[in-house]
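Okay, structure first, notes after.
The values are calculated or read from the model by the stated rules, or taken from the named source; none is laboratory data. The model shown is predicted, which means the values in this text are computed figures rather than measured ones. Reconstructed Cβ throughout: ideal geometry from the backbone, glycine too, with neighbour counts over all protein chains shown.
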Amino acid sequence: MIHMTINNQKVAVEDGSTILEAARKLKIRIPTLCHLDLHDIRMVNRGASCRVCVVEVEGRRNLAPSCSTPVMEGMVVTTNSLRCIQARRTIIELFLSNHPKDCLVCEKSLGCELQALAAEYHIRSIRYQGERATHPIDVSSRAIIRNMDKCIMCRRCETMCNEVQTVHVLSAINRGFDTYIAASMNMPMNESTCVFCGQCVAVCPTAALTEVSHIDNVWNALNDKNKIVVVQTAPAVRVALGEEFGEEPGTIVTGKMVAALRRLGFDKVFDTDFAADLTIMEEATEFIHRLKHGGKLPILTSCCPGWVKFFEHQFNDMLDIPSTSKSPHEMFGAIAKSYYAEKMGIPPQNICVVSVMPCLAKKYEAARPELSQDGLQNVDEVITTRELARMLKEANIDLMQLEDEDYDDPLGESTGASVIFGTTGGVIEAALRTAYEWLTNETLKKVEFHDLRGFDGIKEAVIKINDMDVKIAVAHGLGNARTLLENIREGKADYHGIEIMACPGGCIGGGGQPYHHGDINVIKKRMEGIYKEDKDKKLRKSHENPYIKKLYEEYLGEPYGERAHELLHTHYVKRKKM
Amino acid sequence: MSNVRMHLLVCGGTGCTSSDSLKLLDHLNESIKQHGLSEEVEVVVTGCFGFCEKGPIIKVYPDGVFYVSVKPEDAEDIVTEHIIKGRQIDRLLFTDPHGKGKLEGQKDLPFYKKQIRIALRNCGFIDPENIHESLAADGYKALGKCLTELTPDEVIDTVVQSGLRGRGGGGFPTGLKWKYTRKSKSKEKYIICNADEGDPGAFMDRSILEGDPHSVLEAMAIAGYAIGAEHGYIYIRAEYPLAIHRLVVAIDQARELGLLGEDILGTGFNFDIELRYGAGAFVCGEETALIHSIEGDRGEPFTKPPFPAESGVWNQPTCVNNVETLANISPIFLKGADWFRSIGTEKSPGTKVFALAGKVNNVGLVEVPMGITLREVIFNIGGGIKNNKKFKAVQTGGPSGGCITEEYLDIPIDYETLGSIGSMMGSGGMIVMDEDNCMVDIAKFYLEFTVDESCGKCTPCRIGNKRMFEIMVNIAKGKGTEQDLSDLRELGEIIKDTSLCGLGQTAPNPVLSTMKYFQDEYRAHVIEKRCPAGVCQDLLIYHILPDKCVGCTACARVCPVPCISGEVKKVHEIDQELCIKCGACFAKCKFNAIEKR
């Protein structure tokens, strides 16, 4: 242990701690801006570039960045001297001198960490005025807007993109005052190898990185009398939406969300969970088919569009191993515009499918040309959890005041298996619940696969099914995915099935979720919420969903059959590596 | 050397080669061949002699005659007169500015009199592309001694005892750096030679690498042996093609002789060196940025600790030493740590190479014992101020150093003293300014350099220095206010206090030190809107003196606006509203009829 003094208070901390960590132990607040420590997902941005967290260290010539200065025995630190405060004020003023300062109309207003810091330090004038760096706004992609005028060079996005996700798209270019973050080769985002996971957006402290909003499109659709607007909600949304209305992370607001969506004017409120059950029907069948017929193994889950684009770029020599099943919300769209449309007698072109997703890549995915039927995209609009909250606020709907309501039939019924799609490990656990029963013709008593749960980057489990050891692996975060895939490519791994989610924690940590502002517990609590929702469900296996059974009986025929192939399966494209 | 009766040492440094010394070399060789002297006379291309002001330079051995400002046309005379007839050529000798006539030998020149050449010992003496010349000048002897007679700890102790400090600017004791790197436990360790010399006007590292590359290779091998590294990198800027060429040749030759590579001198010690090219970013001279650049990452500094001695290139313990530091190593082993300590001052033993530049008569590279005064360097070695102008200030320490005024000219040059008066040793740039230099303009120039060279990582350097520069531009334009002066001071101090690396921490120095010593000049710009030195263009007024103007119209014809009116043979006039202050008329007027205020 290292003994030291901060603001005249003594503290003992572990060797290797930083001054910032030691101060937190004493509940002494030191403001930070670029610093971000999401230890559990190996996202540690400790570049010490913003210099907001500087403190005085006795015997040191200059101020020390507390976020990256290791503690030393006998160290004497002052965090709130006039020297520190003046330095911080000046740093904030310098940031503001190179910032648009359009806070009133800014996308991130009241959610911006720079704005909060300026308020905390009561900045009321900016002494140093001068040139403001301006860059064209990159609106080239379907998912992410990059407005580098608002960038404060904290480099969190860069750390996330390169070190955690290993996508290697974002990095700083130029130097000095002209430095800014660009996509690789300074290409527009849509031409880069960005997979639109949105994790850069999730960690951006300002509005330099934001999502492409589809709110206006959704309002217009709702206002169009000729359109039947059906909405579906992803599993991870229900445990995060409440945060935007002051609730604790992980609070389950499913019923209130359904009520709120009806208040917004959606004609039908359905559930992506229904389609998640459908996905399991297809994926589990495909898995069993490959197992029995010596097909390509391991099978990889394909629900995550960020992950799909990642392997299309980085592992395009292995395009035959992912499952061909479309992602749940795309399956939903395909069914809504075929089965449901026929059943209700609505021309499919009059149906507008809106997805509420925790995800930015879904915005990009919805526009993929192959995810369409007869010239109609399966999904028309995708809004994020954050955008839904914004719409509710615009419509003055106070979510938490609403009474719970149920989803509409027939595409609203779901099982616990589909709910856990929202967290890492959930898809493969759901698939196992079904595959086990189908392969053994026995009832699975213990439906929870605890080896597949939790925050470890790569999780492994061996499941005994009949006389076979089925080897399963789960990765969340694309860096972990890359490790797994490289092992497979090099023949070092012999898994049968692998689940991969691009975002740390799975969809609950998606790029479209309410901002966690660097608190990993937010994502952990959402995970607890997801498993609670599963536990509380009467039906916990996808193949038990009565409406799913009915769908196959009435319309699709066999899982993995001809009709299913036409509507529910897709193919992958070889994309450039860089 | 035995079968040749005479050697002509021709400077092949970058300065002299750009003054045609290579053409001179061709002419010499041709003429020697024509006169059938090829067996008797050998022409050797050496590294820099240092006296760049008077290049190209030829030194004749064995008679020691030192020719300056030699042109290719002079080759024939040197051969026919000096070599054949034995008559030295008076017109090519250095003329003493103080009326002592022509000076014959190198040692007679005031430029060399006070110099002690340790790091530059072989520059201008050996052919850097021939390892045998280096060996003849005791090259690799120290390595042999270290490998066969001393343990690594004894090697480190010797360097510690010598008191050698880093010559790249920081002045950190080299022996301690080696010791710390040796202490770090790891299988792989690295020694890096920092040859990313970037200070404007500084070229000592380039000259050493061009003139005596083996001294650096040898020292790296010694350092490798001492710290336990088998691999060395030389990080050199790609704009130094000649130095790179000579290093490549030297490394090949050393490998061929078994002085680099496996089992050096049969001692079982393996050590090899790779070159890494820098793309010319100034900040890559900072050791953590340099390490990232070697690794292929963006050249950005990172916070220390951990220091490179614990975790450097490829996260392994790494020792980064500057070229000049390394060039001092082998003499320490050959002549002893005590000998080294006997030169210089107690806290700063040895010598320092300075690149003397600016308004001084003898521009060039000088190696002087620490503790020598600035006055001796500028007025004795440097020969005083050009055109008999008045000395105003000397800037040491490169773009982040400070400006030193006349009152401090007699202080001894060492790390601590320079630091105590707001400047620094830096890598050894020394730029002399005279009364025609505006200190606001000078400070603005240096700040512009650091603003341009900032990596952009930390806020105070990226935005703060830019804001300071903008204020300086305003002041130079006559738009400055007194508030600006206090803002500059406050912002400058905070930038120094909060920046991540040495570049940002020292960037405000030129502004802060000139504000301190030349306050009147700043106030003249801000309050009187006047540039006393007549440099800041926007504050100048060009005015035609009616009693001197003869109406030749030359000024009106050269004016690009045009804003000068007047009939032939009548007094002309400048329209101040239109004048863009380009100074073309001032330069053109033969009658001194245009006044600059």
### Message
Could you check the range B:555-579 and list, in sequence order, the residues that are aliphatic (A, V, I, L, M) and surrounded by fewer than 17 Cβ atoms within 10 Å (Cβ to Cβ)?
### Response
B:558, B:561, B:568, B:571, B:578
### Message
Yes or no: the range B:258-277 includes at least one residue that is more than 14 Å from chain A (Cβ to nearest Cβ), in a helix (DSSP H, G or I), at pLDDT 95 or above and surrounded by fewer than 19 Cβ atoms within 10 Å (Cβ to Cβ).
### Response
no
### Message
Let me spell it out: the conditions are (1) more than 23 Å from the chain's Cα centre (by Cα); (2) over 18 Å from residue B:121 (Cα atoms); (3) surrounded by fewer than 21 Cβ atoms within 10 Å (Cβ to Cβ), and residue B:69 meets all of them except one. Which number is the exception?
### Response
(1)
### Summary
Within the range A:53-66, of all residues that are assigned to a loop (DSSP other than H, G, I, E, B) and within 8 Å of chain B (Cβ to nearest Cβ), the one farthest from the chain's Cα centre (by Cα) is A:62
### Message
Yes or no: the range B:397-412 includes at least one residue that is out of contact with any Gly (no Cβ under 7 Å at 6 or more places or on another chain), in a loop (DSSP other than H, G, I, E, B) and within 21 Å of residue B:96 (Cβ to Cβ).
### Response
no
### Task
Could you figure out which of (1) modelled with pLDDT of 90 or more; (2) closer than 20 Å to residue B:125 by Cα isn't true of residue B:30?
(2)
### Task
Assess whether residue B:485 counts as being facing another protein chain (nearest Cβ under 9 Å), more than 29 Å from the chain's Cα centre (by Cα), part of a helix (DSSP H, G or I) and aliphatic (A, V, I, L, M).
no
### Query
Only one of (1) in contact (Cβ under 8 Å) with a residue 60 or more places away in the chain; (2) assigned to a strand (DSSP E or B); (3) not basic (Lys, Arg); (4) not assigned by TED's automatic domain parsing to the domain that holds residue A:539 fails for residue A:182. Which number is that?
(1)
### Task
Take the residues in the range A:75-90 that are within 13 Å of chain B (Cβ to nearest Cβ) and buried (at least 20 other Cβ atoms within 10 Å of the Cβ), then tell me which one is farthest from the chain's Cα centre (by Cα).
A:75
## Note on the structure
Inside the range A:285-309, the number of residues satisfying the requirement of being more than 10 Å from residue A:322 (Cβ to Cβ) and β-branched (Val, Ile, Thr) is 2
#### Entry: Matching residues in the range B:386-407 - criterion: being more than 14 Å from residue B:432 (Cβ to Cβ) and among the hydroxyl-bearing types (Ser, Thr, Tyr)
B:400
### Odd one out for residue B:498, checked against (1) more than 7 Å from chain A (Cβ to nearest Cβ); (2) in contact with a strand residue (DSSP E or B) (Cβ under 8 Å, 6 or more places away or on another chain)
(1)
### Task
Kindly establish whether residue A:193 is closer than 30 Å to residue A:405 by Cβ, β-branched (Val, Ile, Thr) and outside any strand (DSSP E or B).
no
### Query
Can you name the condition, by its number, that residue A:375 falls short on among (1) touching a Pro at 6+ places or on another chain (Cβ under 8 Å); (2) farther than 18 Å from residue A:499 by Cβ; (3) at pLDDT below 95?
(1)
### Task
Inspect the range B:440-447 for any residue being basic (Lys, Arg) and touching a strand residue (DSSP E or B) at 6+ places or on another chain (Cβ under 9 Å) and give the result as yes or no.
no
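Each row is one residue, and each column tells you yes or no for (1) in contact (Cβ under 8 Å) with a residue 12 or more places away in the chain; (2) polar (S, T, N, Q); (3) more than 19 Å from residue B:301 (Cβ to Cβ).
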{"position": "A:1", "(1), (2), (3)": "yes, no, yes"}
{"position": "A:8", "(1), (2), (3)": "no, yes, yes"}
{"position": "A:11", "(1), (2), (3)": "yes, no, yes"}
{"position": "A:15", "(1), (2), (3)": "yes, no, yes"}
{"position": "A:26", "(1), (2), (3)": "yes, no, yes"}
{"position": "A:35", "(1), (2), (3)": "yes, no, no"}
{"position": "A:41", "(1), (2), (3)": "yes, no, yes"}
{"position": "A:48", "(1), (2), (3)": "yes, no, no"}
{"position": "A:60", "(1), (2), (3)": "no, no, no"}
### Message
Where the second residue is part of a loop (DSSP other than H, G, I, E, B) and the first is farther than 25 Å from residue A:335 by Cβ and lies in the range A:372-398, which pairs have Cβ atoms under 7 Å and are six or more apart or on separate chains?
### Response
A:386/A:512; A:386/A:514
### Task
Mind telling me which of the residues B:132, B:214 ends up being without any contact (Cβ under 8 Å) to a residue 12 or more places away in the chain, under 28 Å from residue B:268 (Cβ atoms) and either outside any helix (DSSP H, G or I) or not charged (D, E, K, R) (or both)?
B:132
### Task
Output the residues belonging to the range A:216-228 that are outside any loop (DSSP other than H, G, I, E, B) and either more than 25 Å from the chain's Cα centre (by Cα) or charged (D, E, K, R) (or both).
A:216, A:220, A:221, A:222, A:228
### Message
Return the residues of the range B:278-314 that are away from chain A (no Cβ under 14 Å) and at positive phi; say none if nothing qualifies.
### Response
B:314
### Query
Within the range B:507-519, can one find any residue that is assigned to a helix (DSSP H, G or I), more than 12 Å from chain A (Cβ to nearest Cβ), crowded, with 22+ Cβ neighbours inside 10 Å and among the aromatic types (Phe, Trp, Tyr)?
no
## Note on the structure
Scanning the range A:350-370 for residues that are of a type outside the set (A, V, I, L, M) and assigned to a strand (DSSP E or B) gives A:352, A:355
### Summary
Taking the range B:460-479 and keeping residues facing chain A (nearest Cβ under 9 Å), among the β-branched types (Val, Ile, Thr) and closer than 10 Å to residue B:447 by Cβ leaves B:471
### Query
Has the range A:119-128 got at least one residue that is charged (D, E, K, R), within 14 Å of chain B (Cβ to nearest Cβ) and touching a residue at least 12 places away in the same chain (Cβ under 8 Å)?
yes
### Some residue of the range B:181-202 being surrounded by 22 or more Cβ atoms within 10 Å (Cβ to Cβ), under 15 Å from residue B:425 (Cα atoms), of a type in the set (D, E, K, R) and not assigned by TED's automatic domain parsing to the domain that holds residue B:366
yes
### Task
Pairs only if they're at least six apart or on different chains, beta carbon under 7 angstrom, first in the range B:380-393 and closer than 27 Å to residue B:519 by Cβ, second at pLDDT 90 or above and among the hydroxyl-bearing types (Ser, Thr, Tyr); list them, first residue then second.
B:393/B:405
### Task
Kindly indicate whether any position in the range B:291-314 is at pLDDT 95 or above and under 20 Å from the mean Cα position of the chain (by Cα).
no
### So residue A:373, is it in the same structural domain as residue A:511 (by TED's automatic domain parsing), out of contact with any helix residue (DSSP H, G or I) (no Cβ under 7 Å at 6 or more places or on another chain), more than 30 Å from residue A:491 (Cα to Cα) and of a type outside the set (D, E, K, R)
no
